[in-house]
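Student: Below you'll find the structure I mean.
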Amino acid sequence: MYIIMKMNKRKNIEGITLIELLVVVAIVGIIAAIAIPVYNGYISAAKRSEAKTNLQQLRLLLEQYYSENGKYCPDASCNGKKYYYDDSTGTDTITNWLPSFQPKSAASGSSLLYAYTIEIITSTGYLLTAVPSSDAPAGNLTIDQDGNKTGNW
């Protein structure tokens with residue numbers, strides 16, 4: 001009788017079942033589906049911070065220049081003039097007359113993600129624009145002399 005009872009006794013097998021594995025995979029998939037877009041949003045916002053910072057710096061420098069010189073550009077006639085700063089092409093017509101403009105990149109040591117333009121509209125008005133490169137989030141950011149902003153600030 002003792003031998004028969006021992007044969008009917010179940011052995012404890014340790015491990016995970018297929019159902020448990022599928023549940024874990026589904027949970028990880030749901031978490032990844034939520035976390036990846038949120039992470040990408042943070043990366044885009046961090047890259048856009050470069051343009052925001054540099055446009056604000058340009059705006060302050062232009063206002064300082066205006067308070068000292070009574071106009072927004074160094075030329076005799078300012079209306080319709082455009083000045084550029086593009087790190088990728090080496091174009092720089094801004095720091096010649098605004099030497100304090102030292103654009104900061106989103107990641108230290110890397111090249112700029114945006115090209116910057118100053119457009120002098122009138123003797124008392126301007127429009128600053130940041131145009132993204134291929135590595136930056138799409139969409140231009142602009143700000144004018146009154147602080148009006150367009151784009152995804």
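Student: Which condition number does Y126 fail, the rest of (1) in contact (Cβ under 8 Å) with a residue 40 or more places away in the chain; (2) in a loop (DSSP other than H, G, I, E, B) being met?
Tutor: Here Y126 meets the rest and fails (2).
Student: Same structure, new question: Among S110, S77, S67, which is free of Cβ contacts under 8 Å to residues at least 24 places away in the same chain, more than 19 Å from N152 (Cβ to Cβ), more than 23 Å from the chain's Cα centre (by Cα) and outside any helix (DSSP H, G or I)?
Tutor: Working: S110 fails: more than 23 Å from the chain's Cα centre (by Cα); S67 fails: outside any helix (DSSP H, G or I).
Going through S110, S77, S67 in turn, the sole match is S77.
Student: Given the criterion in contact with a strand residue (DSSP E or B) (Cβ under 8 Å, 6 or more places away or on another chain), within 17 Å of Y66 (Cβ to Cβ) and hydrophobic (A, V, I, L, M, F, W, C), identify the matching residue among L141, L113, L127. Show your work before the answer.
Tutor: Numbers: L141 fails: within 17 Å of Y66 (Cβ to Cβ); L113 fails: within 17 Å of Y66 (Cβ to Cβ).
The unique qualifying residue is L127.
Student: Let me ask another. Is region 6-22 home to any residue that is more than 30 Å from Q102 (Cβ to Cβ), in contact with a helix residue (DSSP H, G or I) (Cβ under 9 Å, 6 or more places away or on another chain) and modelled with pLDDT under 95?
Tutor: yes
The values are calculated or read from the model by the stated rules, or taken from the named source; none is laboratory data. These numbers were taken from a predicted model, which means no experiment stands behind them. Heads up, the Cβs are rebuilt from the backbone with ideal geometry, glycines too, and the neighbour counts pull from every protein chain shown.
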